[in-house]
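The structure under discussion appears below in the form of structure tokens.
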Amino acid sequence: MIGELGQLVLCFALALSLVMAVSGLMGARPTAIAARKTATSSALGLLVFVVLAFGILTYAFVTSDFSVALVASHSHTLKPLVYKISGVWGNHEGSMLLWVLVLALYAGLVAVLQRGGERLTSAALGVQGLLAFAFILFILFTSNPFLRLDPAPFEGAGLMPLLQDPGLAMHPPMLYAGYVGLSAAFSYAAAALMVGEEGWARAARPFMLVAWIALTCGIALGSWWAYYELGWGGFWGWDPVENASLMPWLIATALLHSALATEKSGAFRTWTLLLAIAGFSMSLIGTFLVRSGVITSVHAFASDPTRGFFMLILIALAITGALGLFAWRASKLQGGTAFSSVSRETTLLLNNVFLVAACACVFVGTLYPLVLDAMNGTKISVGPPYYVLTFAPIFFALLLLVPFGPQLGWKRADLKSAWRTLYPALGLAAVAAVTVLAIVSPRGAAATGAFAVAGWLIGASIIDIRKRKGARASGFASALAHAGLAITLMGVAGTTAWRSEALTVMAPGQKLTVGPYTLRFDGVTREKGPNYIADRGHIALLDGNKVQTTLLPEHRYYPAEGQEMTDTAIHTNGLRDLYLALGDDRGAGHFALRAYVSPLAPLIWLGGLVMALGGILSLWGRLRVKDPAPQAAAPAVAQAAE
Amino acid sequence: MKNRVLLLSMLVSLLAAPTFSHAQAPNTAVIESFSDPALETRARNLQRQLRCLVCQGESIDESNSPFAGDVRHLLRQQISEGRSDQQILDFLVARYGDFILMKPPVQPNTWLLWLAPFLVLGAGGAVAWTAVKKAGAREA
């Protein structure tokens, strides 16, 4: 019953999305008031039905209803409840349904908030409806999560042990809230092109912010998950799947900055539209890369070519449609504003140039091997060294310029006075560089440079915060986000330059020194988890002869899935991680052990959190103040209207 | 990306071969871990630059596949024979193709790959330059 019900509900959702698309687009005409009402109510209806469909699938997972094929192939009665739930999106079909759920959520928000003009909102709902229609169609035809299995098996096949983790429970929903959230900016941009409304950037800003915050958290969570779950001590591997989430983030970051200029001073109107289209296009390309099975890795569970083909057509239609609309209508919006070469506008433009180049780098690095292979079968690898040589210098140059933006005013600014404000930050940069050179070994140019830049950014943020004392909370948003970048940078530089590792077989009672830590191996106990058996290593962290704490890394075996997994143990003092991964049994109580000491590793994710917090502050300011009339906007709009 | 710890156990099993006779100890002349830290650093460094051909996106250093084990063995043997890093990389590329290099070589079919980010940067810079000049002219 439950499977058929789910399918029926999803069919209703499909019908509603079509109604929403048609009525929304019709509502773009000035007189079509009824159509606009229909668009709003069908958006809410769509949300209700997609939530229902998702709820039904979740129910099937929670109750281990193995007559639903997806549940049988991805769940197991012994799995803890939280992983039964996260199992819903731990597979291709369910994660596509989650994708559509997020799309419907944003559509619902657009409908409820009704930001911007009526026609603009209606057209945006229309575009959102088209996207929902296309993707629900995709689910029903190629990735139906409600297919039956008859006879129903008594037990399910289980979920990849790698995915049975709190990080996985949170990471995909967060990431999707980010990159599917960019659909709202995309829809608003397309709508602005249709109805020719200038105010779209302000209308869409809260959606861009929410998407960016979620994407930032999602990437940070994913990186953290890879760090503690994969047992290799790394945090970012430039894997195509990771790149697929980084590309939308880079464009979304560029978009946030460019849209600010459009909103506050009327600059870069067409460019901001293009970025809004590009941002969601990157999300679509990312979805294709991960979901089609083009690139096989941890995330790409799907490998059915018909799916890939169907999805490629959908994506090509969405992107070419939006770009076509842009080419046709963008000239109508061209205003052209005046600003001096020394102004905040110029810095935001430079920000965009560097971010787009950084994104191009990730884009080419991810797709080039695929294209080359498809063209003439030549196989090359594009691994981390490529990004170190291309992405890193471009991003580094961007970071050098970051502090100037907030110090320069709109339209016309004075570089000298910005320098006067900022020079103490140079002092902090110098102190950071000297400190690194003086007290840490091994010395390296990259780490020293990274810390100097981090000092420069943090110094500039402190200056900015002091300058704005007493301002609204949202005034501190950029200072916080930029400081977050610096914090992440220090974490990345610290672990990369100063990580130490030990790789040995330990006998009971044996001691091991790694970095500043002394460890003692106290043997292994056999533990039974809800759906696994584990060898649990007892490793004492010694302080002299006293046991400071005991770390318990595990080596797990999941009988249902027939797989082995490592469960790392991490001891952190907030600035340095001691990271242990237990290997397999070497006989006679001996076990393999891998130990890392990663200085500053926690800063990587802390920085991500601080960045997200900056975004939240900005959003808070937006939602609290009904209409914060910007000083510069009025003349800009007047100018554009001429 | 399977269990990376297994790699460790492989390395370790070889390392510990004299103590544990049950480990799959290969021929006696095999060197799997250099006692000289400089040589060991070189080996690890090379291992990180190489891709495991039978895995997904893992380096030879991380992978626990038999293939990666063979390559580790091969390159360590060549290091002990006194070959330079470049000679070893050339040898492996001749044998397995460019795919084994984590860092793609600079050659005609990768020029675009290496140049594209900087071309975009240059083009973006040029567009920004003209946009700023235009905006400045409007202001005047």
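Within 14 Å of another protein chain (Cβ to nearest Cβ), touching a residue at least 24 places away in the same chain (Cβ under 8 Å) and buried (at least 19 other Cβ atoms within 10 Å of the Cβ): is that true of A:Y387 in this structure? Taking the combined requirement at face value, the residue satisfies it.
In the set A:S223, A:S258, which member is closer than 29 Å to A:V388 by Cα and more than 12 Å from chain B (Cβ to nearest Cβ)?
Numbers: A:S258 fails: more than 12 Å from chain B (Cβ to nearest Cβ).
After applying the criteria, what remains is A:S223.
Determine, yes or no, whether A:G491 is crowded, with 18+ Cβ neighbours inside 10 Å, within 29 Å of the chain's Cα centre (by Cα), small (G, A, S) and under 17 Å from A:Y227 (Cα atoms). Answer is yes for this residue. Between B:G136, B:G122, the distinction of being surrounded by fewer than 19 Cβ atoms within 10 Å (Cβ to Cβ), in a helix (DSSP H, G or I), touching a Ser or Thr at 6+ places or on another chain (Cβ under 6 Å) and facing chain A (nearest Cβ under 9 Å) belongs to B:G136 only. Counting the residues of segment A:554-563 that are within 25 Å of A:D522 (Cβ to Cβ) and surrounded by fewer than 18 Cβ atoms within 10 Å (Cβ to Cβ) gives 1. Of all residue pairs spaced 6 or more apart or on separate chains, those with beta-carbon atoms under 6 Å, a first member in segment A:532-549 that is in the same structural domain as A:A595 (by TED's automatic domain parsing) and a second member that is not in a strand (DSSP E or B) are A:R536/A:L552; A:G537/A:P553. Here A:S64, A:S86 are screened, and the one residue that is part of a helix (DSSP H, G or I), touching a residue at least 12 places away in the same chain (Cβ under 8 Å) and of a type in the set (G, A, S) is A:S86. From the list A:G427, A:G470, A:G444, the one residue that fits, being away from chain B (no Cβ under 14 Å), over 27 Å from the mean Cα position of the chain (by Cα) and on the phi > 0 side of the Ramachandran plot, is A:G470.
Can you name every residue in segment A:176-189 that is crowded, with 24+ Cβ neighbours inside 10 Å and assigned to a helix (DSSP H, G or I)?
Going through segment A:176-189, the residues crowded, with 24+ Cβ neighbours inside 10 Å turn out to be A:176, A:178-189.
Matches in segment A:176-189: A:Y176, A:G178, A:Y179, A:L182, A:S183, A:A184, A:A185, A:F186, A:S187, A:Y188, A:A189.
Go through the residues of segment A:345-363 one by one and say whether even a single one is over 22 Å from A:G286 (Cβ atoms) and either surrounded by fewer than 17 Cβ atoms within 10 Å (Cβ to Cβ) or of a type in the set (S, T, Y) (or both). The answer is yes; a qualifying residue exists. Contact map, segment A:457-477: first residue closer than 18 Å to A:S417 by Cβ, second residue modelled with pLDDT of 90 or more and not in a helix (DSSP H, G or I), Cβ cut-off under 9 Å, separation 6 or more or different chains; pairs are A:G459/A:P403; A:A460/A:V402; A:A460/A:P403; A:I463/A:P403; A:D464/A:P403. Taking A:R29 as the residue in question, decide whether it is basic (K, R), at pLDDT below 95 and not in a loop (DSSP other than H, G, I, E, B). No: the conditions fail for A:R29. Report yes if some residue within segment A:222-242 is of a type in the set (D, E, K, R), surrounded by fewer than 23 Cβ atoms within 10 Å (Cβ to Cβ), more than 9 Å from the chain's Cα centre (by Cα) and not in a helix (DSSP H, G or I); otherwise report no. Scanning segment A:222-242, I find at least one residue that is of a type in the set (D, E, K, R), surrounded by fewer than 23 Cβ atoms within 10 Å (Cβ to Cβ), more than 9 Å from the chain's Cα centre (by Cα) and not in a helix (DSSP H, G or I), so the answer is yes. Quick check on A:A477: is it surrounded by 16 or more Cβ atoms within 10 Å (Cβ to Cβ), in contact with a helix residue (DSSP H, G or I) (Cβ under 9 Å, 6 or more places away or on another chain), hydrophobic (A, V, I, L, M, F, W, C) and not in a strand (DSSP E or B)? Against the criterion (surrounded by 16 or more Cβ atoms within 10 Å (Cβ to Cβ), in contact with a helix residue (DSSP H, G or I) (Cβ under 9 Å, 6 or more places away or on another chain), hydrophobic (A, V, I, L, M, F, W, C) and not in a strand (DSSP E or B)), A:A477 qualifies.
Restricted to segment A:70-123, and to residues there that are aromatic (F, W, Y) and closer than 21 Å to A:F146 by Cβ, the residue that is surrounded by the most Cβ atoms within 10 Å (Cβ to Cβ) is A:W89. Just wondering, is there one or more residues in segment B:64-83 that are facing chain A (nearest Cβ under 10 Å), on the phi < 0 side of the Ramachandran plot and exposed (fewer than 15 other Cβ atoms within 10 Å of the Cβ)? Scanning segment B:64-83 turns up no residue that is facing chain A (nearest Cβ under 10 Å), on the phi < 0 side of the Ramachandran plot and exposed (fewer than 15 other Cβ atoms within 10 Å of the Cβ).
Scanning segment A:266-303 for residues that are modelled with pLDDT under 85 and not in a loop (DSSP other than H, G, I, E, B), we see that the one that is nearest to A:A252 (Cα to Cα) is A:V290.
Could you tell me whether A:A192 is buried (at least 22 other Cβ atoms within 10 Å of the Cβ) and either touching a residue at least 24 places away in the same chain (Cβ under 8 Å) or not assigned by TED's automatic domain parsing to the domain that holds A:A259 (or both)? Walk me through how you get there before you give the answer.
Details: buried (at least 22 other Cβ atoms within 10 Å of the Cβ): yes; either touching a residue at least 24 places away in the same chain (Cβ under 8 Å) or not assigned by TED's automatic domain parsing to the domain that holds A:A259 (or both): yes.
The answer is yes for A:A192.
Here's the yes/no breakdown for (1) under 16 Å from B:F118 (Cβ atoms); (2) within 12 Å of chain B (Cβ to nearest Cβ); (3) in a helix (DSSP H, G or I):
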position	(1), (2), (3)
A:L350	yes, yes, yes
A:F354	yes, yes, yes
A:A360	yes, yes, yes
A:V364	yes, yes, yes
A:F396	yes, no, yes
A:G409	no, no, no
A:A418	no, no, yes
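Restricting attention to segment A:148-165, the residues that are out of contact with any helix residue (DSSP H, G or I) (no Cβ under 7 Å at 6 or more places or on another chain) and either within 14 Å of chain B (Cβ to nearest Cβ) or part of a helix (DSSP H, G or I) (or both) add up to 3.
Of the set (1) over 30 Å from A:A497 (Cα atoms); (2) in a helix (DSSP H, G or I), all apply to A:E197 but (2).
The values are calculated or read from the model by the stated rules, or taken from the named source; none is laboratory data. All values derive from a computational prediction rather than experimental measurement. Please note: Cβ atoms are built from the backbone with ideal geometry, for glycine as well, and neighbour counts cover all protein chains shown.
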